[in-house]
Structures are given as C-alpha cells and as structure tokens.
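Enquirer: Please read through the structure below; I'll follow up with questions.
A short reminder: the numbers here are calculations on the coordinates, not readings from a lab. Only a predicted model underlies this, so the values are computations on that prediction, with no experimental measurement involved.
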Amino acid sequence: MELAIDTTTEWASIALSHQGEVQAELTWCVGRNHSVELMPAIISLLHQAKTDVASLTGIVVARGPGSFNGIRVGMAVAKGLAFALSVPLIGLSSLESLAFPHRWQGLPVCALRPAGLDLAVALFRWRRGRQEELWPGQLMSTEDLLAKVKARTLFCGEVGAPLKDRLKEALGAKAVFAPWSAPKSGYLIEMAWPQLERGEGDDPFTLQPLYLRPPHITIRKERGRG
C-alpha cells in the first residue's frame, strides 16, 4: 500500500492506496498540533484498513508551501518511514495538489495560499495528459497577481472573501472560482503513482521542504571577533 501525507495547513490529510487507487482517506482540522496528532492518525487509518506500517510500499508527502511547523512534521514522518521501510519517497508541491482536481476545467488553474501579507501562488495547465507548471510557486502581492493574469483563469485554494471580491472587481469575467475544500492527500497519490509504479523516488536525505521565504526561526549568525 501507499501512504500520502499533507500537513501543510491547519487541515491535515492522510490517505492509503493500493496500486494508486485510494482505499481510505482522513482529513481533519489539526490546528497547530501536527506533531501530536499525525502519527496516531496514521496508525488509526492503517488499523481501519486492516493493515500495518510494514505493508507500505511507497510514501508521498506535500512538501510545501504552507505552515512551517506543519511541513516540518509531515516531511520528518515521511522521510523516517521511507528510510526505515526502504520504500520510495516522493515530495510534491502543495499548490500542485490544490490545482490537480480542477485539471478538466479547460482553463489555467491558479492555486493560492495566504503567506503573511503576500500570496503563495502557482499557475498550472493540463495539457497532453499532464499538468504543466506555467508559473512556479512564488510569493507575490495581490497587485502583482492581478497584473500577471491575462486570460480567463480558475482560482482555487484559500481564496478568502476579501481576496475573492478584489479579484472579481479587477478581473471581471476572467476570474472563475472553485469551491473551497480542505486539502485531500488522495490527490497526491494520483499524481505520484506513475513514478511509484516505476520504483522512482526522491532521496530522503536530500529532499527539502518548499519554503517560499525563510522561516521566522533561524540560526543566529555568530558575530566576528576582533
């Protein structure tokens, strides 16, 4: 079985699949308790599926952007399981996962997440059976986003009412909105399955979180002497 983990927001999601077909999925409001609730939730989901950790043959994890602490916990658990079980590990963008369920709409899909005073943004297009990244994940202001949108675009993700109103006002009919939904880790499995089926994966030791800005907590540089 394969396990997917998304802890990039206050809504955590985990899923189990068999050869890429989702068998069980759990999404819940975790707040800031990722480190306390993630492993018990994984164990519970495995029990519900009448299996155990030893049955896992691949791990998929959302590596950001999103909550610094949430990403850190999800990545640590995913890396630890992949290393201990000697199974493939694949890290994917959480923005790509947000856009994935809207791939059949026939429009460019702009995935959004708040990032302080800015927005974490990426733009995707479904073409020839694959999701292409038109804008890589980046930080931008609302004004910069409005200036970059030239065609009718589907916006998805965490689009609050003030932002939605601003986009509607500035873009008119070019702005189309997907209903909000909590992250679903089953999409990560769908996206990663072709690689897992081929036995491909990322190196657990070198796979890095996708932070679009440095975390607030950093190592203080030692002052020079003399």
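Enquirer: Compare 84, 178, 24 in a GNM of the chain, Cα atoms joined below 10 Å, and give the one with the largest fluctuation.
Expert: 84
Enquirer: Rounded to two decimals, what ratio of Rg to Rh does the range 95-177 give with C-alpha atoms and a Kirkwood Rh? Write down the numbers at each step before the final one.
Expert: On the way: Rg = 11.8 Å, Rh = 12.6 Å.
So for the range 95-177, dividing Rg by the Kirkwood Rh gives 0.93.
Enquirer: May I pose another question? Each residue of the range 52-60 in turn: what ³J(HN,Hα) in whole Hz from Karplus with 6.51, -1.76, 1.60 and θ = phi - 60°, glycine and Pro shown as x?
Expert: 9, 4, 4, 7, 6, 10, x, 10, 10
Enquirer: Please compute the Cα-Cα pair-distance distribution of the range 27-130 with 10 Å bins starting at 0, giving whole percents from short to long.
Expert: 13, 36, 33, 17, 1
Enquirer: Just give me a number: lysine pairs in the chain, eight or more positions apart or cross-chain, with C-alpha atoms less than 24 Å apart.
Expert: Summing the qualifying lysine pairs gives 11.
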